[in-house]
Amino acid sequence: MTAFQRRLLPDRQPAAQRARQMRDPGFGRVFSEHMVTARYDAGQGWHDAAVVPFGPVELSPASAVLHYAQAVFEGLKAYEQPDGSVAAFRPQANAERLRASAARLAIPELPEGFFLESIRELVAADRDWVPAHGGQESLYLRPLVFADDPSLAVRPSHGYRFLLIASVAGDYFAGGLAPVTVWLSTELSRAAPGGTGAVKCAGNYAGSLLAQAEAQARGCDQVVWLDPVEHCWVEEMGGMNLFFVEREGGRTRLVTPALTGTLLPGVTRDAILCLARELGAQAQERAVSVAEWESGCRAGRIVESFACGTAAVVTPVGAVRHADGGWRVGDGGPGPLTLAVRQRLLDIQRGLAADPHGWMVPVG
Ligand SMILES: *Cc1c(COP(=O)(O)O)cnc(C)c1O
């Protein structure tokens, strides 16, 4: 891997124009001015890494990714720290997951060193796009790798592209911290044993959009996926992992579905399992059935539920619905442990709380 070339814009956007775009950015629609590109070719490995102006990429209409979806991606956030530096949350975990995702899709692995360097290069070029310290805004980083052989042959591509783009991220859900109502998908499945459910590939999302649309048509915000065999075990939300807060005999326990191979091992999920103890709760990974979720809520044993992921961090689940009914979680509002977990994570990410695990990695 050779050094990154820098072909930067001679003129940047005026500060006022940038500031206008960074106000209320929502999620995934305001992009910084540069991106990182690199190529992989059989025999050459990864090469031609460069920071270039953000803009369209040219593809052959026969590009393998457009036909057979050989594409994997990641998502992580960088925050300005109190001292003005920029740090990313656990980027090595994302590098490792991208490696696992690539391996599952027969895509050549991207070295961790290159992954981290590409982030440092982009943050250096677009430092002005990192939101100022103190708020909840961040710079969302989206690395992706896709097959670009101009060939309709069904086989692993010989050529690939790596792109890293950055987007100013505000609230992922329009409602901010408002609890979401979720819809249980009892017919459609997101992933199957032996499939790709445990890796972050583009195709998983394509297959989930219909159920998400169905959830919204039923007046819900998000779909919750169940296991693909019995449709009775809770898996995840399709872009976020789920947690349940159990209270029993004065003890509080954070429970999340175990990694069965059909749900995604979220970096946020992993961090929360780690934080639970520090917040005075136990943590448990195990199977949780829909029946347990419902009876637990009705009996007051499950007092909170929340979803977690990089983009939205922590989102309370206020109510659950399915074809035959539904139930409320707690009093329907965000619960105290949900709020505490969210605050602790955000504080670590913004450098406002101690970071004993070394999760924040300087990137600029
Ligand atoms: C990315 C993703 C998550 C959340 O993972 P984080 O690493 O916490 O952002 C959960 N489920 C799916 C399907 C995902 O793609």
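The values are calculated or read from the model by the stated rules, or taken from the named source; none is laboratory data. What you see is a predicted model, and the numbers here were worked out from it, not measured in a lab. Every residue, glycine as well, gets a Cβ built from its backbone with ideal geometry; the counts of neighbours run over all protein chains shown. For the accessible areas, the whole protein counts, side chains as well, though only heavy atoms, and no ligand, DNA or RNA atoms are used. Shrake-Rupley method; radii C 1.70, N 1.55, O 1.52, S 1.80 Å.
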### Message
Just to confirm my numbers, what's the Cα centroid distance between the stretch 251-277 and the stretch 1-25 in Å?
### Response
36 Å
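Percent antiparallel among DSSP beta bridges with both residues in the chain, to the nearest 5?
Values: 60 of 75 bridges.
Approximately 80 percent, going by the DSSP bridge assignments.
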### Query
Quick one: ranking 244, 31 by accessible area, 1.4 Å probe, largest first, what do you get?
31, 244
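Can you tell me the relative contact order of the stretch 64-111? Whole percent, Cα pairs under 8 Å, sequence separation 6 or more.
Values: 40 pairs, mean separation 15.4, N = 48.
Reported as a whole number, the value is 32 percent.
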### Query
Just from its helices, what would the mean residue ellipticity at 222 nm be for the chain, if runs of 4 or more DSSP H residues each count -39500 (n - 2.57) and the sum is divided by every residue, rounded to the nearest 500 deg cm²/dmol?
-7500 deg cm²/dmol
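I'm checking a number: the convex hull volume of the Cα atoms of the stretch 121-255, normalised per residue, in Å³. What is it? Could you put the intermediate results ahead of the total?
Working: hull volume 27.6 nm³, N = 135.
Dividing the Cα hull volume of the stretch 121-255 by its residues yields 204 Å³.
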### Query
Along each of its three principal axes, how wide is the spread of alpha-carbon positions in the chain, in whole angstrom units, largest first?
61, 51, 35
### Query
Taking only Cα atoms, what is the 0 to 90° angle, nearest 10, from helix 91-104's long axis to the longest principal axis of the chain?
90 degrees
### Solvent-accessible surface ranking, highest first, for 68, 40 at 1.4 angstrom
68, 40
#### Entry: Among 260, 181, 338: highest mean-square fluctuation, GNM of the chain, C-alpha pairs under 10 Å
260
### Message
Could you sort 23, 127, 90 by their accessible area in this structure, using a 1.4 Å probe and putting the largest first?
### Response
23, 127, 90
## Note on the structure
About its Cα centre, the stretch 156-272 carries a charge dipole, from +1 on Lys and Arg Cβ atoms and -1 on Asp and Glu Cβ atoms, whose size in debye to the nearest 20 is 300 debye
### Task
Find how many whole Å separate the alpha carbon centroid of the stretch 43-107 from the alpha carbon centroid of the stretch 326-356.
29 Å
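Give the shape of the stretch 246-313 as rounded, prolate or oblate, defined through the alpha-carbon gyration tensor: a ≥ b ≥ c are the square roots of its eigenvalues, a/c under 1.5 means rounded, and otherwise the shape is prolate if a/b is larger than b/c and oblate if not. Present the calculation step by step, with values, prior to reporting the outcome.
Numbers: a/c = 1.85, a/b = 1.27, b/c = 1.45.
Because a/c hits 1.5 or more and a/b fails to exceed b/c, the stretch 246-313 counts as oblate.
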### Query
Per-residue accessible area for residue 172 at 1.4 Å probe radius, Å² rounded to 10?
100 Å²
### Query
residue 7 versus residue 57, label points 7 Å from Cα toward the beta carbon: distance in nm?
1.4 nm
### Query
Over the stretch 221-268, how many percent of alpha carbon pairs lie in each 5 Å bin up to the one with the longest distance?
5, 19, 26, 22, 14, 10, 3, 0
### Task
Could you tell me the distance between the Cα centroids of the stretch 197-223 and the stretch 281-305, to the nearest Å?
23 Å
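Rounded, prolate or oblate for the stretch 184-328? Axes are the square roots of the Cα gyration tensor eigenvalues, ordered a ≥ b ≥ c, and the cut-off for rounded is a/c under 1.5. It would help to have the intermediate numbers written out before the result.
Working: a/c = 1.72, a/b = 1.27, b/c = 1.36.
The shape class here is oblate.
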## Note on the structure
For the stretch 72-229, the charge dipole (Cβ of Lys, Arg +1; Cβ of Asp, Glu -1; about the Cα centre) points to a positive end, and the Cα of 84, 168, 212 closest to that extreme belongs to 212
### Task
Using a 1.4 Å probe and ignoring any ligands, DNA or RNA, find the accessible area of residue 331 and quote it in Å² to the nearest 10.
120 Å²
### Message
If the elastic network links every pair of Cα atoms under 10 Å, which of 102, 124, 16 fluctuates the most in the Gaussian network model of the chain?
### Response
16
### Query
If ligands, DNA and RNA are left out, what is the accessible area of residue 247 with a 1.4 Å probe, given in Å² to the nearest 10?
100 Å²
